[in-house]
Amino acid sequence: MADEANSFRRRSFKVIDPDARLRDQDNLMAYVRNPDAHGNNQFRTIPKDAVVNIDQVRSVNRGVDGPLLFGHAVDANGNPIGWTSTRNFEGKFVNETLAEMPPEGTDKKGANAAWAGGKFLRQVTLVPIVGARLQLLYLALDTVTPYFELVRAAAAEGVTVGINSGFRTWREQKQLYDGYKRSLPGYNMAAEPGRSKHQNGIAFDIDVPGGAGNPCYDWLAINATRFGFLRTVNKEPWHWEYDPVQAQAAQAAGTFKLERVLI
């Protein structure tokens, strides 16, 4: 399972942005400029279609806008090129993983605390992953391998699987629940903190806009149970869970969801 962490170090990336600017290593929100022959400062860029490797990744927190990810690009020989936004690369770093985050401390409502049915379970190791909307999300280590088996099988058939939510902390679940209870714009139905399957790491909100008819959703409906995933929440086509036992039962019954999931 640990082999899935730091995935960016095991592949190369193609630059697709014609204006892939390099960033100041001491201030990644600033660009690197060099004077041209006329004394004018010009942005330094990585040429479009260049293929680079990434040996380091850093995130810059932008508050409510979430983090931006930057990668340190090197050539095939390991010579440094510079820092640039991971959005400049083909695939935009979706599904790339960063270093494992083992538990720190014993706080039952801390960042690595897993809950189910209103009860604290244990502290879990997390793996940061880039979501479908380029946000930094987290997976419980135990579910990383099955998730990527699903991702790779779909990719082999030309289908992209990405997620909009994975493992959630107590704090994140409380925020979602409070927003739902207060009927705030942009908040969907959410379970109470401690009772969401997202807090024990088995729930994945997969990016399937519109549900049935979406290429990713339709592929999952045919194939997900083979990898231990199935739909478990009515009216939430994006919510899938890694539950091999129930997935096998659903597959045997010729379906991809629990009986209570009607829509």
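The numbers here are math on the coordinates, done by the rules we state, and not lab data. Not measured: the values here are computed from a predicted model. Reconstructed Cβ throughout: ideal geometry from the backbone, glycine too, with neighbour counts over all protein chains shown.
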Cα-based count: Lys pairs in the chain below 25 Å, eight or more positions apart or different chains? 21
Amide H neighbours of SER165 under 5 Å, counting only residues 5+ apart in sequence or on other chains, H built in-plane at 1.01 Å? ASP205
One finds the C-alpha centres of region 44-68 and region 104-177 to be spaced, in Å, by 22 Å
For the chain, give the magnitude of the charge dipole about the Cα centre (Cβ charges: +1 Lys/Arg, -1 Asp/Glu; no others), in debye to the nearest 20. 640 debye
Efficiency of FRET between ARG58 and ASP19 - r from beta-carbon atoms, R0 22 angstrom, step 0.05: 0.60
Assuming R0 = 51 Å, can you tell me the calculated FRET efficiency for the pair ARG226 and ASN79, based on Cβ-Cβ distance, to the nearest 0.05? 0.75
Rounded, prolate or oblate (a/c below 1.5 giving rounded, otherwise prolate when a/b exceeds b/c) for region 113-252 by Cα gyration tensor: prolate
Rounded to the nearest 0.05, what FRET efficiency is calculated for PHE43 and ARG87 with R0 set to 22 Å and r the Cβ-Cβ distance? 0.90
Using +1 at the C-beta of Lys and Arg and -1 at the C-beta of Asp and Glu, which of VAL60, SER12, VAL124 has the Cα lying farthest in the positive direction of the dipole of the chain? VAL124
Please list, in order along region 122-139, the HN-Hα scalar couplings obtained from phi with the Karplus expression 6.51 cos²θ - 1.76 cosθ + 1.60 (θ = phi - 60°), rounded to whole Hz, x for Gly and Pro. 5, 8, 10, 7, 10, 10, x, 9, 7, x, 4, 9, 6, 8, 8, 10, 9, 10
GLU104 and ARG152 label points (each 7 Å along its Cα→Cβ direction) are spaced in nm at 3.1 nm
When SER183, SER7, SER12 are ordered from fewest to most other Cβ atoms inside 10 Å of their Cβ, what list results? SER183, SER12, SER7
If the chain between ALA253 and ASP3 were fully stretched, how many nm would it gain, using 0.36 nm times the residue separation less the Cα-Cα distance? 86.6 nm
ASN188 and ILE263 label points (each 7 Å along its Cα→Cβ direction) are spaced in nm at 1.3 nm
Per-residue ellipticity at 222 nm for the chain, helices alone: DSSP H runs ≥ 4 residues times -39500 (n - 2.57), over residue total, nearest 500 deg cm²/dmol? -5500 deg cm²/dmol
Likely footprinting exposure, ASP205, ASP49, fewest C-beta neighbours within 10 Å first: ASP49, ASP205
According to a simple spin-label model (label point 7 Å from Cα along Cα-to-Cβ), what is the distance in nm between ASN234 and ARG171? 3.5 nm
Once amide H atoms are placed 1.01 Å from N in the peptide plane, what residues at a sequence separation of 5 or more from ILE81, or on another chain, have their amide H within under 5 Å of its amide H? ALA73, VAL74, ASP75
Sorted by chain and then number, the residues having a modelled amide H within less than 5 Å of the amide H of LEU121, at least 5 places away or on another chain, are ALA114, TRP115, ALA116
Determine, for PHE43, PHE204, the number of other Cβ atoms within 10 Å of each Cβ, and report the residues in order from fewest to most. PHE43, PHE204
Everything considered on the Cα gyration tensor (a ≥ b ≥ c; rounded for a/c under 1.5, else prolate if a/b is larger than b/c, else oblate), region 2-88 must be described as oblate
